[in-house]
1. Could you tell me the calculated FRET efficiency between Ile197 and Gln7, based on Cβ-Cβ distance and R0 = 60 angstrom, to the nearest 0.05?
2. Restricting to Cα pairs below 8 Å that are 6+ residues apart, what does the relative contact order work out to for the chain? Please round to a whole percent.
3. How much solvent-accessible surface does Tyr425 expose, in Å² to the nearest 10, with a 1.4 Å probe and all protein chains in place?
4. At a Förster radius of 22 Å, what calculated FRET efficiency corresponds to the Cβ-Cβ distance of Arg315 and Ser228, to the nearest 0.05?
5. Which whole-number percent is the relative contact order of region 219-368 (Cα, under 8 Å, 6+ apart)?
6. Grab the eigenvalues of the alpha-carbon gyration tensor for region 356-457, scale each by 5, take roots, and send me the semi-axes largest first in whole angstrom.
7. Ignoring ligands, DNA and RNA, please state the percent of accessible area on region 53-165 from carbon and sulfur, probe 1.4 Å.
8. Calculate I(q)/I(0) for the chain by the Debye formula, one identical point scatterer on each C-alpha and no solvent, and give its log10 at q = 0.06, 0.13 Å⁻¹ to two decimals.
Amino acid sequence: MTNSPQQPVYILPENYSRQIGKDAQRTNIMAARIVAETVRTTLGPRGMDKMLVDTLGDVVITNDGVTILQEMEIEHPAAKMMVEIAKTQEEEVGDGTTTAVIIAGELLKKAETLLEQEIHPTVIAKGYQMSADKAQEILQNIAIKVDINDEVMLKKIVTTAISGKGSVSIKDSLNAIIVRAVREVAEKSATKTVVDIDNIKIEKKTGGGISDSELIQGVSVDKEKVHSQMPREVKDARILLLDCALEAKEAGSDTQIRINTPEQMQAFIEQEEKQLKDMVDKIIALRANVVFCQKGIDDIAQHFLAKKGIYACRRVKQSDMEKLSKATGAKIVSNLKDANESDMGAAGMVEEKKISGEAMTFVKDCKNPKAVTILVRGGTEHVVDEVERAIKDAIGDLAAVIETGKIVAGGGAPEIEVAKELRKYAASLGGKEQLAANAFADALESIPRTLAENAGLDPIDIIVNLKAAHEDGQKWAGVDVFTGEIKDMEKMHVLEPLKVKTQAIKSASEVSIMILRIDDVIAAGKLSGRGPQGPGAMGGMPEM
Ligand code: ADP
Ligand code: MG
């Protein structure tokens with residue numbers, strides 16, 4: 001069954017390629033492992049960064065697993081599945097992308113060894129599935145329940161999340177900003193607290209330093225006021241959000257306007273002016289003093305608005321309009337004629353401010369700001385981008401903790417603890433599934449091993465000592481990557497949400513099982529430039 005046919009029998013079109021049995025498995029596993037190897041060196045606070053240059057010469061410097069994989073334009077189908085894990089992790093939690101990919105890579109590596117021992121992929125898959133379920137249970141058991149209002153603890157989680165992003169040293173000030181932002185948008189209901197992280201807007205501006213970053217209780221809009229005569233700031237703003245243009249109605253493309261005399265011309269212009277004046281009058285009648293318009297605002301309308309001291313921005317992004325609506329309570333109006341009192345929103349202050357020479361509008365002091373903005377500053381674009389990614393990871397972590405109220409300590413401690421318990425569980429299993437469960441436990445140990453390797457420590461020593469500590473009952477013993485010692489990670493304040501670990505194990509096992517179960521790859525076109533068979537079938541993989 002596993003041998004390729006000796007005599008070619010053409011059942012597929014000529015330009016199709018096909019891999020069957022062990023060949024398919026081997027190639028897929030290899031492709032997936034290469035992906036894992038690529039991000040491996042970035043894990044942990046002492047991980048390295050990658051510099052990615054695209055075809056246009058744009059440079060991204062990052063330590064963020066999902067960003068690296070997305071920028072790499074991976075083509076091999078199995079390798080793409082690994083990228084999907086990172087994306088799922090990013091969407092579900094926002095952090096732990098590298099961890100998930102490394103575990104998946106390692107699960108496949110161990111599976112390869114089992115395959116060589118003639119263990120059937122279905123058996124391995126079953127053993128992996130049982131182990132993954134057991135791992136979830138173990139993680140739930142060892143997790144620490146926390147008080148989600150404990151700000152000091154939340155700050156520690158942020159520190160752990162952003163310390164992974166090695167290239168930027170992020171100050172305490174930013175830590176406090178992130179915690180405040182997430183708490184601001186957290187919505188409590190009777191039974192639980194939910195955090196919609198879309199309500200936190202991250203606005204990047206190069207210039208200044210990271211410590212100049214600030215939290216705005218409301219929304220920043222990357223637009224200036226449309227007219228220089230408009231006020232620079234409006235206190236007690238009454239806000240109108242429009243998604244229709246403040247422009248005279250254009251005649252349809254099939255209408256002809258024939259103007260023969262100067263009087264007709266004059267009448268036409270007046271007619272247009274009147275339309276615009278009516279619009280502005282309507283705005284005045286609503287007692288709005290700030291207008292955000294998603295579409296254009298005609299020069300004449302701008303002039304009328306400015307004369308009445310009304311602040312206005314045009315061509316505001318839809319996502320910003322939605323955030324403005326949340327923060328100020330205003331409804332987005334699509335027909336100005338129908339606008340009424342209940343559509344109006346409020347903010348303590350709307351002002352235009354220059355950030356690094358560019359004018360922006362800040363809507364601040366909203367009564368119930370369910371939307372907030374973190375204004376990220378930093379010396380260069382690369383710094384600001386990486387800080388943004390770090391902030392996103394931290395926000396995801398905080399949201400996960402606030403929603404579930406459970407954390408674990410990091411530094412490889414949970415992985416070693418789960419591996420230890422899994423081995424006990426494996427002993428209770430019969431036959432070949434036992435081998436798979438032990439392989440699963442081995443795979444989890446790749447996390448502390450990689451943390452140690454990336455810190456320039458001896459991974460074998462570290463793993464041996466870690467295992468001994470865990471056997472000794474120190475369940476949070478992990479690797480202190482800065483000193484090389486085994487320490488209690490909970491006491492070291494290296495804290496992470498439980499969800500990062502549960503999700504990473506879940507998606508890693510799912511994907512590795514899926515890849516393992518493939519024994520036939522039928523592809524339109526060739527899998528690589530070097531023919532469909534053998535290790536050369538690495539279409540699109542970058543040189544390593
Ligand atoms: P990921 O994309 O998986 O989040 P990171 O580069 O952020 O990758 O690294 C996360 C890992 O680093 C976790 O296992 C975490 O426990 C560990 N880690 C973070 N801070 C420390 C620390 N101070 N000491 C040891 N390990 C740490
Ligand atoms: Mg991380």
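The values are calculated or read from the model by the stated rules, or taken from the named source; none is laboratory data. These figures come from a predicted structure and were not determined experimentally. Every residue, glycine as well, gets a Cβ built from its backbone with ideal geometry; the counts of neighbours run over all protein chains shown. Surface accessibility is based on the protein's heavy atoms, side chains included, excluding ligands, DNA and RNA. Shrake-Rupley method; radii C 1.70, N 1.55, O 1.52, S 1.80 Å.
1. Values: r = 58 Å, r/R0 = 0.96.
E(calc), rounded to 0.05, equals 0.55.
2. Values: 1079 pairs, mean separation 146.2, N = 544.
Relative contact order for the chain comes out at 27 percent.
3. Counting only protein heavy atoms, Tyr425 exposes about 50 Å² to solvent.
4. Details: r = 17 Å, r/R0 = 0.79.
Calculated transfer efficiency: 0.80.
5. Normalised by residue count, the contact order of region 219-368 is 40 percent.
6. Numbers: eigenvalues 391, 76, 19 Å².
The three semi-axes for region 356-457 are 44, 20, 10 Å.
7. Numbers: 2230 of 4710 Å².
Answer for region 53-165 is 47 percent, counting heavy atoms of protein chains only.
8. Taking Cα atoms of the chain as identical point scatterers yields -0.41, -1.19.
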